[in-house]
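Everything on this sheet refers to the single structure shown next.
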Amino acid sequence: MSKQISPLQKARAAYKPKLPKALAAHGSLVNATLGSPTESIADTKEIKELFPNTYGLPVITFEGPTSENKPPIKAGVILSGGQAPGGHNVIAGLYDGLKKLNPASELYGFLGGPGGLIDNKYVKFDDAFINDYRNTGGFDIIGSGRTKLEKEDQFDKVIANCKSLGITALVVIGGDDSNTNACVLAEYCLKQKSGIQVIGCPKTIDGDLKNDWIEASFGFDTATKVYSEMIGNIIRDANSAKKYWHFIKLMGRSASHIALECALKTHPNHAIISEEIAENKTTLKQIVNAIATVIKKRSEQKKEFGIILIPEGLIEFVPEMKQLISELNDLLAAEASYFDTLGDDDKLQFVNKKLSMETSQAFSSLPGTIQMQLIADRDPHGNVQVSKIETEKLLIDLVGDLLREWKAKGQYNGKFSALNHFFGYEGRCAAPSNFDADYCYSLGYTASALMGAAKSGYISSVRNLTKPADKWIAGGIPLTMMMNLERRHGKSKPVIRKALVELDGKPFKLFAQMRDTWAVNDDYLYPGPIQYFGPTEVCDITTDTIQLEKN
Ligand code: FBP
């Protein structure tokens, strides 16, 4: 019996993603136009020394057709890190592009992320396999994982596995860390004369893999549309019932791009942007005070309801918490094996004893549940898992306390009833919006063109994204160009620079200009659900962030 699919899935399966003009006209049989040699964004001397084979490569654009015949390519692909809508279309675009280069080309998918590449667990794609996943959300086609691919013995295994399958090109679909590792792997493959090309692809709903050349990471568009729809629905409920304050935490790890985009799309009464908190060194007390002040002001207007948006990574940007988390990270890394043997109470006691006086005070001031969340398992990079810290509940608690204090002093006379939400996983596997469906398919297709042009150490790039797809520009950006040196676990490491919200950028400036009005007036916007079929001004709309940044 064939698997049942929803009517929307059926209709979306027939959707033909749009491609940049050159690729739409010539497929992946395009000529690579080379720009001038490039430099890394900073630390040029050190990055050049670390990447002798991939440093300084020119930017590539695909403009016209190529007259060369392309031999078949056997390629492999992995999905790395958190899910992001459109990953399946990257693979579909890559598959179609490879077949266009030469119908005898083959594509293998390594299972469960980088781990599958190291352990040689794979599937081979064919038309029927790919067709089942076109324009669908999720990463379930081959799964994903967070294994760090960064050590030479892992690279040797990757090379051996590829050689055993005859694979000569790999695509790593991931965020800043995964693309950093793709760059190191590309360099290693060249140094070893392995004959394996490595191409990256910019993925993450967090929106923090972007720069002058990568305008957006895929998945941000769809995920923020899903969250904005849900926020809009909640606002409408709040504005109807007029009795609840909704504290909504939004995914995004360190960066607040998601919270900012959702704020621009819905006009909440208050939104916190972590980067501003860090810049102004705002304390937790001041954050709580600012929220309570908005609640008080609205209460004076007889409005006992509203919406607060909280970025997932906030806790790490509050100065006293940043210090606390950094001490906890070091402590847990150093004492991991002993720590794991302890029960919850002993863990808390142990931590309290070892922290410095200042941070110990900050730790003790937090409710027990938050303390436990702060000492829970780290991610593979040794970082606290911010998605598991219930900042939204913490803020409700602290704001409630302050409002009670104000009430006792006769400074506030309202009624505060709050509900908490966390929107994250709900948006990561949504069916990609038209933008993400087109963008992802184009990124995958571009990656195949880079393979056809025998390039390695590049990230697939599609630019001019605020224009219709036939004006998009496909090409490749040298991964080393986006690198600088950063301190990681006490060592200086070459990494792709993470893009945080820029406080002098247009999206933040617009938000800052409007937020006082949104705080007291009910200026809400209700974006509604993603539309896949209908007028282009509704279906092909991009994020406010990219519109403001690029136009
Ligand atoms: P990537 O950076 O790998 O794209 O993942 C993003 C993200 O969705 C973050 O927003 C979130 O903090 C994290 O993944 C959650 O991780 P996990 O999926 O392991 O729970």
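Secondary structure note: in region 1-115, about 50% of the DSSP beta bridges are antiparallel. A protection proxy built from the mean count of other Cβ atoms within 10 Å ranks the segments 41-52, 282-293, most packed first, as 282-293, 41-52.
Relative to the globular-protein estimate of 2.2 N^0.38 Å, the Cα radius of gyration of region 1-122 stands at 1.37.
Taking every Cα-Cα distance in the chain and sorting them into 20 Å bins starting at zero, the pair-distance distribution P(r) comes out as 21, 51, 25, 2, 0 percent. Over 32 Å apart at the Cα level, from the set Lys99/Lys265; Lys203/Lys285; Lys45/Lys285; Lys322/Lys509, are Lys99/Lys265; Lys203/Lys285; Lys45/Lys285.
Under 8 Å for C-alpha pairs, at least 6 residues apart: give me the relative contact order for region 184-320, rounded to a whole percent.
Computed value for region 184-320: 27 percent relative contact order.
Taking the average, over residues, of other Cβ atoms within 10 Å as the packing measure, peptides 5-16, 308-319 rank 308-319, 5-16 from highest down. Over region 220-348, the ratio between the Cα radius of gyration and 2.2 N^0.38 Å evaluates to 1.28.
For Lys193, a cut-off of 20 angstrom between C-alpha atoms picks up these lysines, skipping any fewer than 8 places away in its own chain: Lys48, Lys74, Lys151, Lys157, Lys163, Lys455.
For Lys493, the amide hydrogen comes within under 5 Å of the amide hydrogens of Glu486, Arg487, Arg488, counting only partners 5 or more places away or on other chains and with H modelled in the peptide plane.
Among DSSP beta bridges whose residues both lie in region 72-214, state the antiparallel percentage, nearest 5.
Numbers: 3 of 20 bridges.
Given both bridge residues lie in region 72-214, the antiparallel proportion sits at roughly 15 percent.
Across all Cα pairs in region 127-272, the calculated P(r) in 5 Å bins from zero up to the longest distance comes to 2, 8, 14, 15, 14, 13, 11, 8, 6, 4, 3, 2, 1, 0 percent per bin. Counting only the Cα atoms, region 374-476 fills a convex hull of 207 Å³ per residue. Could you give me the percent of Cα pairs per 10 Å distance bin for region 191-242, shortest bin first, beginning at zero and ending with the bin that holds the maximum distance? Values per bin, smallest distances first: 21, 26, 22, 17, 7, 4, 2. Above 25 Å, the calculated P(r) of region 407-551 contains 55 percent of its Cα-Cα pairs.
Calculate the length of the line joining the C-alpha centroid of region 140-163 to that of region 275-340, in whole Å. Between the Cα centres of region 140-163 and region 275-340 lies a distance of 37 Å. Could you tell me the distance between the Cα centroids of region 503-528 and region 369-386, to the nearest Å? Distance between centres, Cα-based: 32 Å.
Scoring 251-264, 324-337, 103-116 by mean Cβ neighbours within 10 Å over their residues and listing the highest first yields 251-264, 103-116, 324-337.
Sorted largest first, the spans of the alpha carbon positions of region 292-444 along the three principal axes are 54, 53, 25 Å.
With the convex hull of its Cα atoms as the shape, region 38-109 has an orientation-averaged projected area of 7.4 nm². Where both bridge residues fall in the chain, DSSP classifies roughly 40% of the beta bridges as antiparallel.
Every read-out reported here was derived from the displayed coordinates using simple, explicitly stated rules and does not represent laboratory data. In this text, all values refer to a predicted model and were calculated from it rather than measured experimentally. FYI the Cβ positions are ideal-geometry reconstructions off the backbone, even for glycines, and counts take in every protein chain you see.
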